[in-house]
Amino acid sequence: MNKNIIIKIVSLIIVIIALIWTLYPLVWIIFSSFKAPLEQFTIPPKWIPEKFTLRNYKIFFSNAEFVRTFFNSVLVTTSSTILALIFGIPAAYGLARFNWKHANLLSFIILLARMTPPVVMVLPFFLISRYLNLSGTYIPIIIACSFFSVPFAVWMMQGFFSEIPESLEEAARIDGCTRFEALTKIVLPLVLPGISATSILCALISWNEFLFALVLTGQETRTLPVLVNMFVSEKNVDWGVMSAAALITVIPMIVFGLLVQNNLVKGLTVGSEK
Amino acid sequence: MVKRKVIVVMLACLLIVSSIFSQVKLVSEVGIHTEAWKTVMNDFQEETGIKATIQQFPYSNYFDQLMLTFTSGRVDFDVPYISMLWYPALATASYIYPLNKLSGYEELNLEDISGIDNGWQNGNLYYIPYMNELGGIVYRTDLFNDPKEKAAFQEQYGYELVPPKTLEQYRDIAEFFYRPPELYGVTLMGQRSIFLATHFLQRLWARGGNLLDSEMKPIFNSKEGIEALQEVGEMFKYANPSAKTYVFQDALTEFTQGRSAMAEIWTTAMLYTENPETSRVVGKASFVGFPRPEELKNEKLPMLYISWGFTISSASKNKDQALQWIKFVTDTKNEVKAAPYGNIPARFSSINDEELRAKFPWLEGFSEAMENSIPTPMVPLIPEGNSIINDYIAPAVSEYLSGSKTAERALNDAADGVYKLMKEHGYY
Amino acid sequence: MSERKNFNHIQYILPSLLFILVIFLIPIIYTLVISFFSWNLLRPDLGIKFVGFKNYLQALKDPFTWETIGRTFYFVIISVLLELIFGFSLALSLNTEFKGWKIVQSIILIPFMIAPVVVGFAWKFIVNNDYGPLPHFLINLGLTSITENPLLANPTTAMFMIIMADVWEYTPFVTLVLLAGLKALPQEPYEAAYVDGASAIQRFFYITLPLLRPSIMVAVVIRTLTSLRVFDTIFIMTGGGPGSATETLSFYGYRLAFQSYQMGYSSTINLISFFLAIIFTLIYMKLIGWDSNE
């Protein structure tokens, strides 16, 4: 009994430390986003602003260009996530359901595409999109983001599909459904939680993508992660607006991520149950 | 079939319509002087009927974007607004066009533009400065004019406390105001970067030394060089210990927060110092050019010169409109109009303009320094320039400061490296 | 029947496979070709010259390449190790019965959702020597020796700060994977051990650890693979400095291409990164058993 109490106390302490550790930078950024520029530089630093100001948010939202980056991010993320699902779901289903002698090679290519460092791809991407006269459009950045999210969707959805017993589909097909109908009517509704988790994680990949966005986007197509970096000029950093922009960048993803957190873990650990 | 024809006709119409409204496409970074000239873009359209549009990139990858775009051969802008340090590479690659080959370039009234000599290369003019600044010292006027401080200084050093004209005075004043942790004598930029290299270059030049000789051989490991480097180390004694990690932003913040009496930075600092939103020393600061040793006080010597300005892309189909824009934006009237939004104009006639002087009294010190020095870019204007400063000079200064090498050894090693580099690139 | 199956299979997989191959292979082949050329963007007058294996020889001979690879591995090993230690202790703590753990779990997950750029920015801000809270906190703790030099200006601490940012962002991931593994553990071995009178520590080492091995493996390998690609936080926090103390392989490849403009050599370095990715992907497949015939 005594031991149990000790374990509980130790656990509690660890959890409290973890909470402080997690929230420390976040709370600092949140407070900083409400500070006036002069207050950013007090020594020693003060956590709570003496005067809460909305100046930083005003600067962000009164600039049409900044607001536009938000919508650019939404557009790029949505399109690339839809692409990822369109390409990824059938492929995942195919991989999960059929035995094919080249399946290993295929898994390898898909995994490798996911694991390749972005820096390897970014220069050819830029030059090719210029040659094809696509610069200034959303196409290069959307394609680049789906390049990361398609393999991810395949990889993750495969795990969800293989959990659905094949007998379900077979039963449906005996009732006269085609394989495609069995997929859409029986299997897809069952993996819906998996699809939602997959789309959130794909969205996360695209929303947070930085290097490709930095190189491939211009004035009109710029996304939020690049904007965060825009408040650093040669001679000056505006920490306040940067904090505000950082929070605006992260809040949507935190909200979506927490909505699907249970399935998220499941998707991320695909393969470990084997 | 019919549909397709309609589309073709529509496209053709679009092309014709767009060519009637002639336009010029500008490209720039995100920075205060760009914000300044953006304010006259509408006036330009009203006056000339040419529509000016702008694309901006974050400073950190602006040059990458330019280089890659030029390399790809699909250039979608006419006028790149760039740092002076970048134009030699672009000119060598003939990505930018010689302005003197365009008719009407003489109307730019070149003699009035300070530092214009740096815009010429191999007999061609590629670059028109718009924002000009010098490396010098910003100092706290309230401290320098305080009678108590003046008396104390007079007693301690035997001469009057004034903005430093000589290196000796500069050191004395830094020592005098060194009162840590509330106030430091001076602020420097000690992070291993191009900024740190400027502290060495300024002192090298002030002593009459130079980086390279006329044959492009390194000569900065001379006696003047060694003295200059040792003096950089000396000055750090009067600065915040954190200054060893500073770049421009940090040094500027330290000064605008009132934590140092002087800062060895660039004229632009004054624009930030005068902004009540971010500065605690509004109206309490001014600027002087970099000091000299006593014996060279009246010589015209190189002084650190930083500039941004306009160029014209070789691929541009609107070169005449582009030149018209440059003429318009660098016109004295428009420079003066835009300056309060965040620029230090390049024209003598602008920095001597009475109205502007009333707004920016510190322009006096700047103008004086500009006229009595040879404005010299911090990087030699050759394609290898950046590498010489970033890969050899900055590390050498950093190694001396950290104590891992003596001044002589650090400079000799750097000179060997530069010699090898230049030899490999076929200079000798 | 089996033929029909194959046909179907291709139909499902082909679009995705083509998409990946086209978008993947063209840039890789492009990079491969360029890696055999000398191409400096700053000197287009020198042209693009075929140099054979010169870039490769240079890369292999240059000690800097090996230092960079070493730094990359140092970063990966230390950060994955710390994430594992922190993640494990946290997962074990969260596996005890307690009301409110659900909310705690949600909060702890937050860093994982945050863009690496923002993580880098946040850490750069809080470790700022003058007006960031962390150095002052350390000074108040009496750890002045650490903060004598600004954290991002000292080669040792700068690398450690990058690692900290990575640990901050990805410990939640490791925690959740391990927690899911812990929750799925069977109860019988514990009951048997309890009957045998095994201590808590014995139970941990002889039952929990071996049974949790698959989850640990997955966490470690995924983290290794993703931390090999680290770029954003370095770009924001240190730009590879001071000196080259925080320059990893990805960042080196970027710097060569976008600051030195040596396209050929940069391609060579990038292919080395790519090669490492291949090796680790193969190891990963071996570990989770995707290479078996199932």
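No value in this document is a laboratory result; all are computed from the given coordinates. Predicted, not measured: the structure shown is a model, and the values here were computed from it. In this analysis, Cβ positions are derived from the backbone assuming ideal geometry, glycine residues included, and neighbour counts consider all displayed protein chains.
Contact order, relative form, for chain C: 27 percent (alpha carbon pairs under 8 Å, 6 or more residues apart, mean separation divided by residue count).
Let a ≥ b ≥ c be the square roots of the eigenvalues of the Cα gyration tensor of chain B; is it rounded (a/c under 1.5), or, if not, prolate (a/b larger than b/c) or oblate? Prolate shape, in that a/c is at least 1.5 and a/b is the bigger ratio. For the range B:146-262, the square roots a ≥ b ≥ c of the C-alpha gyration tensor eigenvalues yield an a/c of 1.5 or more together with a/b not exceeding b/c, which makes the shape oblate.
In terms of other Cβ atoms within 10 Å, A:D175, B:D391 run from fewest to most in the order A:D175, B:D391. Its Cα centre serving as origin, the protein assembly as shown has a Cβ charge dipole (Lys and Arg +1, Asp and Glu -1) of approximately 2980 debye.
When each of A:F160, C:F160, B:F144, A:F180 is scored by the number of other beta-carbon atoms lying within 10 Å, the sequence from fewest to most is A:F180, C:F160, B:F144, A:F160. When only alpha carbons are used to place a centre, the range B:96-111 and the range B:273-331 end up 20 Å from one another. Taking every DSSP beta bridge that has both ends in chain B, the antiparallel portion is near 55%. Estimated from helices alone, the mean residue ellipticity of chain C at 222 nm is -24000 deg cm²/dmol (sum of -39500 (n - 2.57) over DSSP H runs with n ≥ 4, per residue).
The label point for C:F98 and the one for A:T53, both projected 7 Å from the Cα toward the Cβ, are 4.1 nm apart. Relative to the longest principal axis of the Cα atoms of chain B, the long axis of helix B:407-424 lies at roughly 30 degrees.
Highest mean packing comes first when the peptides C:27-39, B:255-267, C:203-215, A:118-130 are listed by Cβ atoms within 10 Å, giving B:255-267, A:118-130, C:27-39, C:203-215. Couplings 3J(HN,Hα) for the range C:44-57, derived from phi with the Karplus relation 6.51 cos²θ - 1.76 cosθ + 1.60 (θ = phi - 60°), are x, 5, 7, x, 10, 10, 6, 10, x, 8, 4, 4, 5, 4 Hz, where x marks Gly and Pro.
Estimated from the Cβ-Cβ distance and a Förster radius of 30 angstrom, the FRET efficiency linking A:E220 and A:I82 is about 0.90.
Let me make sure I get this right: for the range C:37-107, a, b and c are the square roots of the gyration tensor eigenvalues over alpha carbons, sorted descending. Under 1.5 in a/c it's rounded, otherwise prolate if a/b > b/c, else oblate. Which is it? Prolate, because a/c is 1.5 or more and a/b exceeds b/c. The amide H of B:R292, built 1.01 Å from its N in the peptide plane, has B:T166, B:L167 as neighbours under 5 Å, considering only residues 5 or more places off or on other chains. With a simple spin-label model that places each label point 7 Å from the Cα along the Cα-to-Cβ direction, the separation between B:K317 and A:I20 comes to 6.6 nm.
Under 5 Å from the amide H of B:Y305 lie the amide H atoms of B:G135, B:T376, B:M378, each residue being 5 or more positions distant or on a separate chain, with H modelled from the backbone and absent for Pro and chain starts.
The Stokes-Einstein estimate for the range A:62-268, based on a Kirkwood radius over Cα pairs and taken at 20 °C with 1.002 mPa s viscosity, is a diffusion coefficient of 115 µm²/s.
Computed from Cα positions, the angle between helix A:103-115 and the longest principal axis of chain A comes to roughly 10 degrees.
Averaging the Cα positions of each part gives two centres, and for the range A:153-174 and the range B:50-85 these lie 51 Å apart. Residues C:E169, B:E227, ranked from the fewest to the most other C-beta atoms within 10 Å, line up as B:E227, C:E169. Judged by the mean number of other Cβ atoms found within 10 Å, the most tightly packed of the peptides C:82-95, A:51-64 leads the ranking C:82-95, A:51-64. Backbone geometry of the range B:299-316 corresponds, through the Karplus equation with coefficients 6.51, -1.76 and 1.60 at θ = phi - 60°, to 3J(HN,Hα) couplings of 6, 8, 10, x, 9, 4, 10, 10, 8, 10, x, 9, 9, 10, 5, 4, 7, 5 Hz, x marking Gly and Pro.
Taking B:W37, B:W120, B:W308 as the candidate residues, the one with maximal mean-square fluctuation in a Gaussian network model of chain B, Cα springs under 10 Å, is B:W120.
Which of A:K235/B:K297; A:K35/C:K102; B:K223/B:K297 have a Cα-Cα distance over 27 Å? Beyond 27 Å: A:K235/B:K297; A:K35/C:K102. Couplings for the range A:30-47, taken from phi via the Karplus curve 6.51 cos²θ - 1.76 cosθ + 1.60 with θ = phi - 60°, read 4, 4, 4, 5, 9, 9, 6, x, 4, 6, 5, 10, 6, 10, x, x, 10, 6 Hz in order; Gly and Pro are left as x. Put a dot 7 Å past the Cα of A:I139, heading toward its Cβ, do the same for C:Y74, and the two dots end up 4.5 nm apart.
For the range A:176-222 and the range B:354-386, what is the centre-to-centre distance using only Cα atoms, to the nearest Å? Cα centres, the range A:176-222 to the range B:354-386: 54 Å.
Between A:L75 and A:K46, the contour length at 0.36 nm per residue exceeds the alpha carbon distance by 6.6 nm. Computed from Cα positions, the angle between helix B:223-235 and the longest principal axis of chain B comes to roughly 80 degrees. The antiparallel fraction among DSSP beta bridges confined to the protein assembly as shown stands at about 60%. The amide H of B:Y127, built 1.01 Å from its N in the peptide plane, has no neighbour under 5 Å, considering only residues 5 or more places off or on other chains. The aspartates and glutamates whose alpha-carbon is closer than 19 Å to the alpha-carbon of B:K423, local same-chain residues fewer than 8 away aside, are B:D213, B:E215, B:E384, B:D391, B:D413, C:D45. Remark: relative contact order (the range A:62-268) = 31 percent; criterion is Cα-Cα distance under 8 angstrom and separation of 6 or more residues. Other residues within the sphere of radius under 9 Å centred on the Cβ of A:P37, judged by their own Cβ, net out at -1 (K and R +1, D and E -1). The alpha-carbon of B:K317 sits under 21 angstrom from the alpha-carbons of these lysines, leaving out residues fewer than 8 places away in its chain: B:K25, B:K51, B:K101, B:K327.
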